[in-house]
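Everything below concerns the one structure shown next.
Nothing in this text is a laboratory measurement; each read-out follows from the coordinates by a stated rule. It should be emphasised that the depicted structure is a prediction, and the values quoted were computed from it without experimental measurement. No Cβ is skipped: glycine too gets one built from the backbone with ideal geometry, and neighbour counts run over all protein chains shown.
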Amino acid sequence: MKKLGRFLIKSLRKGLLDVMEGSVKAIRKRKLSKGSKDVVVVGNTRGVKHRKITANKNEPKLVEKTENKKTRKKEEGENNRLDDKSILSLGQNGKGSCLLFMKRSQAVAVQGKVSIKLLQGAVDVMGYKMNTGQQICLFSPNYSSLLTIKECNTAEETQMTQTVIKDLVGAQSQQVKKTAIARAQKASSVVLMTKTESVETDFVCQFKEYEDCYDTVKDGDDNGDLNKDEKYIHKVTSPLGFMLVDAKSDRFPVYKEPDKWIDIMNSITKSPRTSSIESGRRCQCILVCGGKGVGKSSFARYVINNLLNSFSEVCYLECDVGQTEFTPPAILSLNHVTAPLLGPPITHLKWPERAHFFGDVSPKDNPNLYINSINHLYQYYEEKYEGKNIPLVVNTQGWVKGMGIALLMDVIHITHPTHIIQINSSTQTTKNLPTITRDFLDTSPGWVYPTCMEGKYQAGKILLDDLVNDLSNSDNRDVNPAITASLLSQDTNQPSHHPKIFHLTACSEDDQTSWPKFKASDHRTMDLLAYFSQILGSCATNNNTDGMSKTSMSLMECKPYRVSWSNVAVHMMHTEVPRSQVLVSLNASVVGLAVSPNAPETHEGRSDLPKFFKDTPIIECVGLGMVRNIDPNNKLFYILTPVPLDQLQRVNTLLKGNLEIPATLLLKERRPGSPYVSSEFSYDIKGAGVRKVRYNLQRKQLNSPATPKT
């Protein structure tokens, strides 16, 4: 019996080996595509795994059935190129519009200004994902990286809104209707692109220095570099005020957010969003910091746009007086944002929910006024939005040395951010802040806060009385001891929660810009011009200018408001001007229109002069005005401003800072009645200029802000 069993086992083994040997000889051959590696695939018919064997040169070329992923991605990228089938003009009946048909994961760059409406699918613009049927305006000037429309539809099958397409092309020819529907069925997303106008951009671009900001390539200009498809697309889109460019083109600088940006925002949006006093949690507060020119503003816009995908509203605390996002320069503000930011600041100027007129583009000469104003704005945010699920984005100034670091630490102390994003330059290390870590936050003192974060909870209450006493006896007239006391007492009661810290490397200049960049002063000039261009709307309505565009008008044609001296008080910020010269200084200048609850009632014994503040008040600012003329006989100010009348009636204070009327606005006027402008003036003559006051030079005392305790 045992012998019989052994015989059967040996026979079974021999049979299995014969079967396996025969199956291994079954080799499936397939010709290699050109450029592929030589691979032999050995397979069996049943149960035997494949083996890959590298073939010799003389052996026949064989490949696997599965496609190479890299080759497939490359082919997809080539298929996603912009071509003449991507655009369909709707002609005159379409009222100056065209359809953009986007393939899956396709990216298209835009130069110029255009209104886009998503008809089908899903697209992303600078971090903001559009909803079907939503319409937004996109502004992409040629002095910065071109914004891109990225197709991001993740649905396996796109549900084509055929009814919408039919209604849209209803007035078109039958051929256009068929073409539109056929292309929409093959496309992953469909976007309607329409010509748009903006008073702000049109007014700024009428000045010679900025006239080419939104110009597209004209026929005959650089058109030789365009291929056949690009020439057709340019022919369709150029009359509409924009141009489409393939996002992979190397002829234009194209905006590309790094993958690290996406990772950071995923981390932030997935963090807890509850606002609970008991648990110490609150909604996200994201602070962006870094040196000048590293891309803080661009990243802050991306953060806001990305947050709007999860939140219906976002708050934005502007702490950079030199490069503001929603207002003209020299203003600290708290802004309430409900729409994406798809362009430079001049395209989304909007007066903030709360603002303070700082009056200068740098905080270096009056750091206490700067910090106390920011504290006022943050307290307003906490009082109004307490318990609400509204995140806060904090943009900081780019001063990275000396006092700039101390001011940044004060902003961190005030806002208690949940996330800090530091952006560093990889090429210009002198622009970088010291690396922010938990140890750095725990050991670095601020300007108003003399103690570091580590010891503030233990020593804050002990130093409070001494600090208030020192500040009360100091020569700094702009320090409010009560405000500083509230800063410290509020901070000592806060729970110690260290923020999450992220470090980013700024995009290289080669990747982001190839056009000549404007200086910071040019951007400030454009912001001021765009702000005052809002006056032209009401001016055109009041003057009934038939057929005349708003931007062709001059500010000289607009009627100013007449303000009596008895209704307003005046204060000169950052400078000391003799009372007899105040009116000369105010004339033809930019002033902050503010509302003070305690305006002075006396004229300091001079009935021929307006009322004055002794100290710089920290009060609400409702807008800017341009003092066009002063009538000393009738004691009247003539002021041009876009501030609505209901807000203007609240104004009882004029704040004169270091902002001036843009020179290009004065030099452009060549018509009767224009102001006389001359540059032939020497400031070396005694009494020719104002005396500048520097409040950052303080008396050194123990525990005073000028000598932080370490």
- [ ] Work out from phi, with θ = phi - 60° and the Karplus expression 6.51 cos²θ - 1.76 cosθ + 1.60, the ³J(HN,Hα) of each residue of segment 347-359, listed in order in whole Hz, and give x for Gly and Pro.
- [x] 8, 9, 5, 7, 5, x, 5, 8, 8, 10, 7, 7, x
Open item on the list: Between segment 345-375 and segment 614-641, what is the separation of their alpha carbon centroids in Å?
Closed with: 18
- [ ] Restricting to segment 553-669, compute how many DSSP beta bridges are antiparallel as a %, nearest 5.
- [x] 75
Open item on the list: Order these by the 10 Å Cβ neighbour count, fewest first: 105, 198.
Closed with: 105, 198
Task: Sequence of 362, 580 once ranked by neighbouring C-beta atoms within 10 Å, starting from the fewest - done: 580, 362
TODO: Sort all Cα-Cα distances of segment 553-669 into consecutive 10 angstrom bins from zero, then give the percent of pairs in each bin up to the one containing the longest distance.
DONE: 13, 48, 32, 6, 0
Task: Cα-based Rg of segment 78-246 normalised by 2.2 N^0.38 Å, two decimals - done: 1.02
Task: Sorted by Cβ neighbour density within 10 Å, fewest at the top, the residues 655, 667, 82, 441 - done: 667, 441, 82, 655
